[in-house]
Amino acid sequence: MTVKPALPHPVTGAAYPSPVPPGTHWPDDPATARTPVAEQAEDVVSLAVSASDLHQLTARQSVCRACPRLVAWREQVAGERRRAFADQPYWGRPVPGWGSDAPKVLIVGLAPAAHGGNRTGRIFTGDRSGDWLFAALHEVGLAATPTSTSAGDGQGLPQARVVAAVRCAPPDNKPLPSERDACFPWLVREVELCRPSVRSVVALGMYGWNAALRAFAEAGYSVPRPRPKFGHGAETVLAPRTAGPPEHPGQEVLLVGSYHPSQQNTFTGKLTHGMLEAVLDRAKTYAGLE
Ligand code: SF4
């Protein structure tokens, strides 16, 4: 791994090398220098299953090294940096789930962008797709502010949480099936730990839709048959197969699909601001939020 000279964080001004070492007070870094590291897919399974809460889970996610190709890519990008961000440190680590620890609305995307989440350390932050998503989240009342630019910028999701199906930025935005599968236990555990509160899920794109269906099935929910098809505005209800503990009885969850706010979709008008806001508003309303 090439570690570049330290550069100042855009919000705090503290100096960091790229990639950012865990436990060095990067805003929202859940890990410490002692957080256990998954070195291979089997480690992801054991470390995900044994995570007792979302903080421990995201700490473990954020130091994972189970996919050699993605580790090499995320760190190469962090070392080289794009010219526009040459004066900033790059996170260069897996981008964990972020938002409320008891979310009513869960948003499932594909993977962090090489110069977005892989730079800022926060999912959907620092790239055009994220600009669209957070503007829409704010418009419907789920995000504290209309922009998400850097960890530590004051943004917040009091009732929602955003997760990626794959936590490391992949080359060409295309993770391999083996990388998707290696990362899957992190997603399943995140869904399990959100189960007491979550009432609706927004899947961004077909990739997010399939990941959400698979993860909720693995986490104890029934998926209707035939398997619901993805579409913008498509909906399906996932019912818990088993009741939770008395303090957290199982509740049905509404899954809603949205076209992914990728530039391919937003530049062409396939996805408009109004379309994305309508899906988020539907999820919010179903979750009983005003
Ligand atoms: S993609 Fe997921 S499993 Fe693979 S290294 Fe990144 S966090 Fe770990």
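Being over 30 Å from Glu290 (Cα atoms) and touching a Pro at 6+ places or on another chain (Cβ under 6 Å) is the filter; apply it to the range 153-170 and report the residue that is farthest from the ligand (Cβ to nearest atom).
First pass over the range 153-170, keeping only residues over 30 Å from Glu290 (Cα atoms): 166-170.
Okay, now just the ones that are also touching a Pro at 6+ places or on another chain (Cβ under 6 Å), so 166-169.
Values: Val166: 5, Arg167: 4, Cys168: 3, Ala169: 9 Å.
Applying the filter and picking the extreme gives Ala169.
For the range 54-170, give me every one of the helices (runs of 4 or more DSSP H) that falls completely inside it and has 1 or more residues that are over 15 Å from the mean Cα position of the chain (by Cα), among the polar types (S, T, N, Q) and over 28 Å from Pro5 (Cβ atoms). Spell out how you get there, then give the answer.
Working: elements: 54-61, 68-80, 117-120, 128-139.
Result: 54-61.
On the given criteria, is Thr120 in contact with a Lys or Arg (Cβ under 9 Å, 6 or more places away or on another chain) and hydroxyl-bearing (Ser, Thr, Tyr)?
no
Return the residues of the range 62-79 that are more than 10 Å from the ligand (Cβ to nearest atom) and buried (at least 24 other Cβ atoms within 10 Å of the Cβ); say none if nothing qualifies.
Ala78
Based on what the data block shows, is His232 touching a residue at least 40 places away in the same chain (Cβ under 8 Å) and either closer than 23 Å to Pro175 by Cβ or buried (at least 18 other Cβ atoms within 10 Å of the Cβ) (or both)? Give the derivation first.
Working: touching a residue at least 40 places away in the same chain (Cβ under 8 Å): yes; either closer than 23 Å to Pro175 by Cβ or buried (at least 18 other Cβ atoms within 10 Å of the Cβ) (or both): yes.
The answer is yes for His232.
Applying the selection to the range 15-45, what residues are assigned to a strand (DSSP E or B) and either surrounded by fewer than 18 Cβ atoms within 10 Å (Cβ to Cβ) or within 16 Å of the ligand (Cβ to nearest atom) (or both)?
Within the range 15-45, Ala15 is the sole residue that qualifies.
Residues are listed down the side, and each one gets a yes or a no for (1) hydrophobic (A, V, I, L, M, F, W, C); (2) out of contact with any helix residue (DSSP H, G or I) (no Cβ under 8 Å at 6 or more places or on another chain); (3) modelled with pLDDT under 95:
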| residue | (1), (2), (3) |
| --- | --- |
| Ala84 | yes, yes, yes |
| Trp91 | yes, no, no |
| Pro94 | no, no, no |
| Gly97 | no, no, no |
| Ser100 | no, yes, no |
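When Val198 is evaluated against the numbered criteria (1) in contact with a Lys or Arg (Cβ under 7 Å, 6 or more places away or on another chain); (2) among the β-branched types (Val, Ile, Thr); (3) within 22 Å of Tyr90 (Cβ to Cβ), which criterion, by number, is the only one it fails?
That leaves (3) as the condition not met.
State which residue is farthest from the ligand (Cβ to nearest atom) when the search covers only the range 171-182 and only residues that are part of a loop (DSSP other than H, G, I, E, B) and touching a helix residue (DSSP H, G or I) at 6+ places or on another chain (Cβ under 8 Å).
Start the filter on the range 171-182 by keeping residues that are part of a loop (DSSP other than H, G, I, E, B), which leaves 174-176.
Of the ones still in play, those that are also touching a helix residue (DSSP H, G or I) at 6+ places or on another chain (Cβ under 8 Å) are 175-176.
Values: Pro175: 7, Leu176: 10 Å.
The extreme case among them is Leu176.
Out of curiosity, is Pro185 under 17 Å from Thr58 (Cβ atoms), within 12 Å of the ligand (Cβ to nearest atom) and at pLDDT 95 or above?
Yes; evaluated as a whole, the condition is true for this residue.
Taking interchain pairs and intrachain pairs at least six residues apart, which have beta carbon atoms under 8 angstrom, with the first residue in the range 208-223 and more than 15 Å from Thr242 (Cα to Cα) and modelled with pLDDT of 95 or more and the second β-branched (Val, Ile, Thr) and assigned to a loop (DSSP other than H, G, I, E, B)?
Filtered contacts from the range 208-223: Leu213/Val223.
Considering only the range 237-247, I want to know if a residue exists there that is of a type in the set (A, V, I, L, M), in a loop (DSSP other than H, G, I, E, B) and at pLDDT below 95.
Checking the range 237-247: at least one residue is of a type in the set (A, V, I, L, M), in a loop (DSSP other than H, G, I, E, B) and at pLDDT below 95.
The values are calculated or read from the model by the stated rules, or taken from the named source; none is laboratory data. Predicted model only: the values in this text are computed from it and were never measured. Virtual Cβ from ideal backbone geometry, glycine too; neighbours counted across all protein chains shown.
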